[in-house]
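S.K.: Sharing a structure below in structure tokens format, with a few things to ask.
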Amino acid sequence: MECLSKNLQILLKRWPRWQEIFRQSPARDDVQPEQTDSEVSLRIGGLLLGSRYNRWEEAWQQASLVPKGSEEAWVYGSGLGDLPRALLQRKSLKTLRVVVMEPRVFQTVLGHFDQTDWLQDPRVELLTPPEANEVHHPFGAVVPELMLVEKVDGARLRDRILLELNTPFIGENQGATNEAVREQVDRNRERVLQDPDVMALRGGTPDCEAFVVGAGPTLEAALSWLPEAQEGRLVVAVDAAVRLLLSAGIIPDVIVAIDSHREGILGHFEALPLEILAQVPLVYFPRVHPDVLEAYPGPRFVSYSEEMVYQRLAVEIPRGKLFSSGSVIHPATDLAVQMGARTLILVGADFSYPGEVIRAGDGRFDTDHLRHWIYNGRGEKVPTQPNLRGYLRDLERYIERHPEVSFFNHSLDAADIANAPLWPGRAQ
């Protein structure tokens, strides 16, 4: 109690607003101090906030993400205070902005460890996720605290931080994947040369309203009203959604495919009356398997993304680009915008497993082993995978870059997508 009192004396003198923040975010009770011969640490919610063997070395490793000589740095998650301390030892540092990712964790730490040294350093600014809003560079992060985030704003910022931290690994992994699909891209060279540019579709439906239909589990519920609602609106569908759409009598205006796996896309079209799609354009990336392109009965339009695997081909055969950061919902959304959508309703863009279902039309599966989650429109936690969570945050960034378009979400059971409120045409 004495430790908490000392910390609060400094904290509230500098930042009085934290009195109210702590009132709304009481300290956690799932706390377990842990001690070895060399260190004292704290376990909260099953996660260790700092090393039990060498907290200082761990802090130096985290601080190494900030280049030496930087006059400004950001820290996401105060943890046990070790990372702020490590950075504040640098004489070149003039400003350190510490973003407390989870106030309940922060208040818990204040009750166990003296934090007055770094809290009273005049170079420190203390912020919350809504005040930080975005990932700022250079930065370090206390990952265990990120994993304990509970509120929507903190979760959104957490996911963006983890994306930034994982970018080097993603780049290396993508490089290996690129090697695997490069031959496939080369096999499609003649088709790319013959098929028209996706930009031929640009502006084809100016100032329209559009549905962008993904294959998330909430698509199933939408099939009861989507056939009537589609009248007079552009429908851009991802390949995995086509089977269910056709079963409901909905013929999309455009289909988008980017998957390189043959069975993945052909499986979506098996046993379908493909003649129905004879007039429906397929927009594809050159990584799509040649057998899929050969089997498709309608017109094809080729597009690139910013992936390295397309760079050489793009020089030889220039074609337009669509935004993509791993999910087919990305280029489908960008295509609708480029075609002229000024109101865009996302359907089945769940980025999670509502109802313990992976994809619309599938059966249930056990999600108890999944440690990751996002919020849906009802403020409920829904199980997900890290890659899906990353796709969601990249879509949110895309939406931020397009203020000229009004984005909406079709269901409260779908992912909570920033700046995409519930579509009033289908309020739930």
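The values are calculated or read from the model by the stated rules, or taken from the named source; none is laboratory data. Remember, it's a predicted structure, so these values are computed and weren't measured experimentally. Virtual Cβ from ideal backbone geometry, glycine too; neighbours counted across all protein chains shown.
S.K.: Need pairs with beta-carbon distance below 7 Å; first residue within 11 Å of Arg287 (Cα to Cα) and modelled with pLDDT under 85 and within region 168-197, second assigned to a helix (DSSP H, G or I) and not β-branched (Val, Ile, Thr); sequence gap 6+ or separate chains.
M.R.: Asn178/Met308
S.K.: Something else now. For region 203-228, what are the residues that are within 19 Å of Pro281 (Cβ to Cβ) and assigned to a helix (DSSP H, G or I)?
M.R.: Matches in region 203-228: none.
One line per residue, one yes/no per condition, for (1) farther than 20 Å from Ala336 by Cα; (2) of a type in the set (A, V, I, L, M, F, W, C); (3) in the same structural domain as Met308 (by TED's automatic domain parsing); (4) surrounded by fewer than 23 Cβ atoms within 10 Å (Cβ to Cβ):
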{"residue": "Glu209", "(1), (2), (3), (4)": "no, no, yes, yes"}
{"residue": "Leu219", "(1), (2), (3), (4)": "no, yes, yes, no"}
{"residue": "Asp259", "(1), (2), (3), (4)": "no, no, yes, yes"}
{"residue": "Phe269", "(1), (2), (3), (4)": "yes, yes, yes, yes"}
{"residue": "Leu272", "(1), (2), (3), (4)": "yes, yes, yes, yes"}
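S.K.: Here is a further query. If you take just the strands (runs of 3 or more DSSP E) that sit entirely in region 312-416, which of them hold at least 2 residues that are aliphatic (A, V, I, L, M)?
M.R.: Ranges flagged: 341-347.
S.K.: Of the residues Arg371, Arg342, Arg364, Arg319, which single one is modelled with pLDDT of 95 or more and surrounded by fewer than 18 Cβ atoms within 10 Å (Cβ to Cβ)?
M.R.: Result of the check over Arg371, Arg342, Arg364, Arg319: Arg342.
S.K.: Sticking with this one: Kindly state which strands (runs of 3 or more DSSP E) lie completely within region 90-166 and contain at least 2 residues that are surrounded by fewer than 20 Cβ atoms within 10 Å (Cβ to Cβ), in contact with a strand residue (DSSP E or B) (Cβ under 8 Å, 6 or more places away or on another chain) and touching a residue at least 12 places away in the same chain (Cβ under 8 Å).
M.R.: The strands (runs of 3 or more DSSP E) meeting that bar are 95-99, 124-127.
S.K.: Could you pull out the residue among Glu57, Glu34 that is assigned to a helix (DSSP H, G or I) and not β-branched (Val, Ile, Thr)?
M.R.: So the residue among Glu57, Glu34 that is assigned to a helix (DSSP H, G or I) and not β-branched (Val, Ile, Thr) is Glu57.
S.K.: May I ask you to list the residues in region 185-202 that are within 16 Å of Gln338 (Cα to Cα) and assigned to a helix (DSSP H, G or I)?
M.R.: If the condition is that a residue be within 16 Å of Gln338 (Cα to Cα) and assigned to a helix (DSSP H, G or I), then Val198, Met199, Ala200, Leu201 are the ones that fit.
S.K.: Take Val40 and tell me if it is aliphatic (A, V, I, L, M) and either under 24 Å from Ala155 (Cβ atoms) or buried (at least 17 other Cβ atoms within 10 Å of the Cβ) (or both).
M.R.: No.
S.K.: Do the conditions hold for Gly326, that is, is it surrounded by fewer than 16 Cβ atoms within 10 Å (Cβ to Cβ), in the same structural domain as Arg189 (by TED's automatic domain parsing) and touching a residue at least 24 places away in the same chain (Cβ under 8 Å)?
M.R.: The answer is no for Gly326.
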